[in-house]
Amino acid sequence: MHYAFGEFELDPGKRTLRRRGVEVEIQEKAMDVLTYMIEHREGFVSHDELLDALWPDVSVTPAALSQSVYKVRIAVGDDGDHQTVLRTRHGQGFQFVAEVSVVRTPVATSLPPPNPDPPSIAVLPFVNMSGDPEQEYFSDGITEELIHTLTAIDNLRVVGRSSSFFFKGQDIDSREIGEKLGISHVLEGSVRRSGARLRITAQLIGTNDGFHLWSSSYDRELADIFEIQEEVAAAIARALRMELGVEVAKSVAGRTTDNLEAYTWHLRGMDLFARADATTLPAAREAFERVIELDPEYLPAYLGSAHTSRWMLAFGIRSGDDALVHAERRLRQALALDSEYGAAHALLGAVLAHQGDWPGAEEAFKRGIELDPSGSAPFTYGEVLAIMRSRPQEAIVWMERSRIDPFDLNGLASYADALGRAGRTDEAEGELRRILVLDPTYSYTHHVLGEVNLMRNRYVSAVRWWVEAFEHDPKSVALPFDMVLALLDLADAESAACWVELTERNDDYGYFAGQARFAHALYRGDQILSESISRQLAENVQQIEEFQYMHLLAWLRVLQRADPARAMQVYQRHYPQLHEEKPQVDAWNHAGAISLADWMRRSGDDKRADLLLEQSLSVLRETTDPWHGPAATAAQLLLGELDLALAALRKAIDSSWRDTWWLLEREPIYAPLWDHPEFQTLMAELRADMARQLVELRELERREEFVVIPRN
């Protein structure tokens, strides 16, 4: 007997939980709880009844039950706010409230059947048969190179690395893989490397019937690896042409390097980049740089070095140079070698956008999309529009235009982030919970879930997701910083101080640690320490990164009061476009423009200040992001429009904005509001709201459902 509820099907006999036909990972004891609750769904089940039924003759604390219930909620996409599956009666027990259907046969998957026209293929990770785990990078690299080679075959859709590698180490029938990926064929094989000898086996399988269409083995010298890859691609093209009776033209370009050492270093770099963290990213860039030294005409190495530099900046990893300048240089070198390298144009667009060169970025993206319309260019453009241009609705269109691999967790999470920024937070959470079904340990999914809940003013859920994300990624730099700000919003400065220490422990670059220390000092009213930290940040920041929100530039506004000359150096270094005769204000730099206008207003340059403020407000009128409310409030105050400032603030609060709300009572830029009765009423509302949510958080801690301070 099976039970179906919502998108889920529970099979108690096989102890499996499926969502739309895909099995969901669920903890053993959580499965026991879910099964018991669904079988006793007619009424309320007490804590004692559950403990007696599921932990017979074992003495456990109620915390064990609470933890299992929490795991059930994760598995079925429920949460403590909505409780659409399990409803809690605090201190008493639970009731299963979702509508249940009893079925005699498994619920069929809702995934669409694969479309065999045009032909499509996934290259599954080749098995390392060398007996040496250190050679894993080599077999994985061969797989990636074959993916790249096959993309050059006309009329063949090739699934990307993320989805292909999702199945690594899993014993899954090719027909099931075809159903999950919506593809007609898979290529699988193995690699055995012994000294200078290489043995590669490969076989092409149809996913409709599991029939082997072609197979071959290659016993060659290691130096023959390039010819082997081209032979495999040509054989696949022939096999598909014979099977389907359609032309699958082989347009594979010649090998890109003859240097075996360079090729091997490139495989190492790709492997390290795929495992992206604070340790592997610098090593990946070193590997790609080594490739360029060995073969200056090997284009993929330039792209790899640039990509890694950009990620190092995003991860807060010190690189010893300006990461974006390095990335731009490598990309322009690649385009000098091949001006029609679409992926390089697209990545150059992202790098130029980070540098504030929007005309150059738009031109690069346009060219990248023209050259590679089905590649990564449209999706990368969408990410930039969503985050840096505050145009999430348009970004979603571009992202949906790209075919996101169904197991590309990072791409799916970025798409969900864009949905959240567009105000479609329920859809965003649904997408993110589907990612959790694929991989419950992927920390970025938990991170974005926290952000989406913060957008809805659900701090308790946001904190829970971020704590869990940190458990999966304890070396994260950004997560502890986000936790510091959230806990300060909740007026829990003591817990925030613990997360400041974690930020300092993880942050080699120093930016996030400096921001965390600064926020904590400013919250506590330590003006001397705040000014000291702002001076350190002025020297430490390589690039103004993600500073489109006012609260992330609070340190610069403190600095411009304590040390105006040094603050102006920061503005000139990081915001050159604001100092042009006709300043260029956009969604990425408007917070800098408003902060600079504050400096100019106090310096007597009212004309320049007004110009920056009017342009900033023009940009803000085009965005629906409620987190820009404090920017609009500050701009209106600097223009002397008190009523408009209050209206902007009220609109932001009504749209669930709360992020660093306490700055409004501490920063002099908002001082004209402080004595206004309506502002005082708004602040009282926010304090009461935060106090209520802090009580909820403390209750969860008291019940030992989770802890705010991680154990690692």
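Tabulated data
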{"read-out": "Wholly enclosed helices (runs of 4 or more DSSP H) of segment 134-205 bearing at least 2 residues more than 26 Å from the chain's Cα centre (by Cα) and within 21 Å of His266 (Cβ to Cβ)", "value": "136-150"}
{"read-out": "Matching residues, segment 270-303, being out of contact with any Lys or Arg (no Cβ under 6 Å at 6 or more places or on another chain), open to solvent by less than 10 Å² (accessible area, probe 1.4 Å) and at pLDDT 90 or above", "value": "Ala284, Phe288, Val291, Ala301"}
{"read-out": "Checklist (1) in contact (Cβ under 8 Å) with a residue 24 or more places away in the chain; (2) aliphatic (A, V, I, L, M); (3) surrounded by fewer than 17 Cβ atoms within 10 Å (Cβ to Cβ) applied to Ala688, failing item", "value": "(1)"}
{"read-out": "Within segment 137-167, considering residues that are hydroxyl-bearing (Ser, Thr, Tyr) and open to solvent by less than 30 Å² (accessible area, probe 1.4 Å), the one nearest to Phe226 (Cα to Cα)", "value": "Thr149"}
{"read-out": "Segment 400-428, residues that are assigned to a helix (DSSP H, G or I) and either in contact (Cβ under 8 Å) with a residue 40 or more places away in the chain or more than 14 Å from the chain's Cα centre (by Cα) (or both)", "value": "Glu400, Arg401, Leu409, Asn410, Gly411, Arg421, Thr425, Asp426, Glu427"}
{"read-out": "Residue in segment 319-342 that is nearest to Thr279 (Cα to Cα), counting only those that are open to solvent by less than 30 Å² (accessible area, probe 1.4 Å) and aliphatic (A, V, I, L, M)", "value": "Ala323"}
{"read-out": "Wholly within segment 460-533, helices (runs of 4 or more DSSP H) carrying at least 2 residues that are among the acidic types (Asp, Glu) and either at pLDDT below 95 or open to solvent by 10 Å² or more (accessible area, probe 1.4 Å) (or both)", "value": "493-506"}
{"read-out": "Pair list, Cβ < 6 Å and 6+ apart or interchain, from segment 585-614 residues that are among the basic types (Lys, Arg) to residues that are open to solvent by 10 Å² or more (accessible area, probe 1.4 Å)", "value": "Arg601/Leu638; Arg608/Met600"}
{"read-out": "Hits in segment 94-133 (condition: among the β-branched types (Val, Ile, Thr), more than 30 Å from Ala223 (Cβ to Cβ) and either at pLDDT below 75 or under 28 Å from the mean Cα position of the chain (by Cα) (or both))", "value": "Val102, Val103, Thr105, Val107, Thr109"}
{"read-out": "Residue within segment 344-364 that is of a type in the set (D, E, K, R), at pLDDT 90 or above and over 17 Å from Arg285 (Cβ atoms) present", "value": "yes"}
{"read-out": "Residue list for segment 599-640, filter: surrounded by 17 or more Cβ atoms within 10 Å (Cβ to Cβ) and in a loop (DSSP other than H, G, I, E, B)", "value": "Thr623, Asp625, Leu639"}
{"read-out": "Qualifying residue in segment 71-83 (condition: modelled with pLDDT under 80, closer than 30 Å to Ala469 by Cβ and open to solvent by 70 Å² or more (accessible area, probe 1.4 Å))", "value": "yes"}
{"read-out": "Residue in segment 547-559 that is open to solvent by 60 Å² or more (accessible area, probe 1.4 Å) and either free of Cβ contacts under 8 Å to residues at least 60 places away in the same chain or of a type outside the set (A, V, I, L, M, F, W, C) (or both) present", "value": "no"}
{"read-out": "Options Glu678, Glu704: the member that is in a loop (DSSP other than H, G, I, E, B), among the charged types (D, E, K, R) and open to solvent by 30 Å² or more (accessible area, probe 1.4 Å)", "value": "Glu704"}
{"read-out": "Subset of segment 52-65 (residues that are open to solvent by 80 Å² or more (accessible area, probe 1.4 Å) and either in contact with a His (Cβ under 9 Å, 6 or more places away or on another chain) or on the phi > 0 side of the Ramachandran plot (or both))", "value": "Asp57, Pro62"}
{"read-out": "Pair list, Cβ < 6 Å and 6+ apart or interchain, from segment 37-48 residues that are over 8 Å from Phe94 (Cβ atoms) to residues that are assigned to a loop (DSSP other than H, G, I, E, B) and open to solvent by 50 Å² or more (accessible area, probe 1.4 Å)", "value": "none"}
{"read-out": "Those residues of segment 173-219 which are open to solvent by 40 Å² or more (accessible area, probe 1.4 Å), out of contact with any Ser or Thr (no Cβ under 8 Å at 6 or more places or on another chain) and either at negative phi or touching a residue at least 60 places away in the same chain (Cβ under 8 Å) (or both), in sequence order", "value": "Asp173, Glu176, Lys180, Ala196, Arg197, Asp209, Phe211, His212, Leu213, Trp214, Asp219"}
{"read-out": "Residue selected from segment 370-386 under the condition assigned to a helix (DSSP H, G or I), open to solvent by 10 Å² or more (accessible area, probe 1.4 Å) and under 26 Å from Gln548 (Cα atoms), by the criterion modelled with the highest pLDDT", "value": "Thr380"}
{"read-out": "Verdict on Glu49 being open to solvent by 30 Å² or more (accessible area, probe 1.4 Å), in a loop (DSSP other than H, G, I, E, B) and either touching a Cys at 6+ places or on another chain (Cβ under 9 Å) or modelled with pLDDT of 80 or more (or both)", "value": "no"}
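The values are calculated or read from the model by the stated rules, or taken from the named source; none is laboratory data. Here the structure is a predicted model, which means the values were calculated and not measured. Using ideal geometry, Cβ is built from the backbone for each residue, glycine included, and neighbour counts are taken over all protein chains shown. Only protein heavy atoms, including side chains, enter the accessible area calculation; ligands, DNA and RNA are left aside. Shrake-Rupley method; radii C 1.70, N 1.55, O 1.52, S 1.80 Å.
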